[in-house]
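K.L.:
Submitted below is the structure of interest, expressed as structure tokens.
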Amino acid sequence: MRAFFGSQGMIQWRLRQLMAEINLSNNDLSELAGIHRVTVSKLKNSDVIKQISGDVLNKLCNGLTVAYRQNERDRVITPGDLMVFTPDQDVLKKGPKKDE
């Protein structure tokens, strides 16, 4: 996973890593999730997702869950498995809120 360093945090996308864990191809995920293979390819090759629809996210989670179970891994994939959140640096520097 490529890292982004700077003042802004980000949401890192982990689709590539999840697919690699079970050696899942773009075409196989496309069929399991009901998402066009070009869309799967674009999402897989992205490290940072700026925006994704709830429908696509739902389909990815369902398709990956089926793929994991087909590989004899009893795992339910959630949106949290697909993303890692890193807060903005300025948020981290603010510290705790002061009582008024």
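The values are calculated or read from the model by the stated rules, or taken from the named source; none is laboratory data. Everything numeric here is computed off the predicted structure, so don't read it as measured data. Methodologically, a virtual Cβ is constructed for each residue, glycine included, from the backbone with ideal geometry; neighbour enumeration extends over all protein chains shown. These accessible areas exclude ligands, DNA and RNA; they are computed on the full protein's heavy atoms, side chains included. Shrake-Rupley method; radii C 1.70, N 1.55, O 1.52, S 1.80 Å.
K.L.:
Determine the gain in length on full extension of the stretch residue 84-residue 25; use 0.36 nm per residue of separation and subtract their C-alpha separation, reporting nm with one decimal.
P.N.:
The span from residue 84 to residue 25 would gain 19.0 nm if fully extended.
K.L.:
Another question, then. In what order, largest first, do 22, 11 sit by accessible area if the probe radius is 1.4 Å? If you can, show how the numbers build up before the last one.
P.N.:
Details: 22 15, 11 70 Å².
Correct descending sequence by accessible area is 11, 22.
K.L.:
For the chain, what is the number of Lys pairs with C-alpha distance below 28 angstrom, counting only pairs 8 or more positions apart or on separate chains?
P.N.:
Working: 42/50; 42/59; 44/59; 50/59; 50/93; 50/94.
Total qualifying Lys-Lys pairs in the chain comes to 6.
K.L.:
Right, next: Could you list the trypsin sites (Lys or Arg not before Pro) in segment 43-95 that lie in coil according to DSSP, counting only those with at most 10 other Cβ atoms within 10 Å of their Cβ?
P.N.:
Numbers: sites: 44, 50, 59, 69, 73, 75, 93, 94; in loops: 50, 73, 75.
Hits after loop and neighbour filter: 50.
K.L.:
Show that you can apply the helix-only estimate: for the chain, add -39,500 (n - 2.57) for every DSSP H stretch of four or more residues, divide by all residues, and state [θ] at 222 nm to the nearest 500.
P.N.:
Calculated from helices alone, the mean residue ellipticity at 222 nm is -13500 deg cm²/dmol.
K.L.:
Next question. Ignoring everything but the protein chains, give the 1.4 Å probe accessible area of residue 43 in square angstrom, nearest 10.
P.N.:
20 Å²
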